1. Which of the listed residues, C128, T113, L101, is farthest toward the dipole's positive end in segment 25-144, when Lys, Arg count +1 and Asp, Glu count -1 at the beta-carbon?
2. So what's the net charge close to H81: Lys and Arg +1, Asp and Glu -1, counting the other residues with Cβ under 14 Å from its Cβ?
3. With a 10 Å Cβ neighbour count serving as the proxy for reagent exposure, in which order, fewest first, do L46, L77 appear?
4. Want the number for D114 to A83: 0.36 nm per residue separation, take away the alpha-carbon distance, what's left?
Amino acid sequence: MKAFALALILSFAMFSCGENTETVSEDSAKKCAMPSTVNPNGDSELALLMREMADWTDSCKSAITSGRVVPVAPADLNTLHSAKRTDPNIDEKVFASMASLYQSRVTEFQAATDANRVQLFNAMVQGCVSCHENFCHGPLVRINKMMIPVN
Ligand code: HEC
């Protein structure tokens, strides 16, 4: 019972943290949605990597839905943690844990069988969503469309 109460308190605490980062992420949401105005010196390494990741994810989706072999993941994926970002002040810890989560979903997706490929693809796209909910809301509409509908 005590443990339950503690868990409850903890989850409330996490909720309020979530609200704090919300204000930050609204800010970052603007930053990442308009890279050209916010970052007139050129797009960040991370923004370029994101475009590569988005293209790869789109290609995987069309490969899966038309029964072709999925393309290999971009080699640059291993720079996800270190690529320079437009906003240098984002929460390192949250970013790093979301980046690792996404990378492990990529690994799982690449080891998929015909039976679980769609499920693991959607889990991988959910990895994009989880990070974007924290940092950068702009691309969420596009990312959500990457999911493969399952009946
Ligand atoms: C670990 C966190 C994280 C993950 C995982 C992640 N993103 Fe991002 N994404 C960001 C951040 C932060 C930016 C802002 C980049 C910048 O401006 O430096 C961004 C930017 C973008 C952009 C805008 C790029 C541009 O042109 O400026 C797109 C599109 C995008 N992400 C799509 C995706 C897709 C698709 C996935 C999954 C395949 C994904 N993201 C996974 C954090 C993440």
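Each value in this text was obtained by applying a stated rule to the coordinates, not by laboratory testing. As the structure is a computational prediction, the values presented were derived from the model and not from experiment. Cβ placement follows ideal geometry from the backbone for every residue including glycine, while neighbour counts extend to all protein chains displayed.
1. Going by the charge dipole, the pick is T113.
2. Within the 14 Å Cβ shell, the charges total -1.
3. On the way: L46 22, L77 16.
Exposure proxy ranking, most exposed first: L77, L46.
4. Roughly 7.9 nm would be gained on extension.
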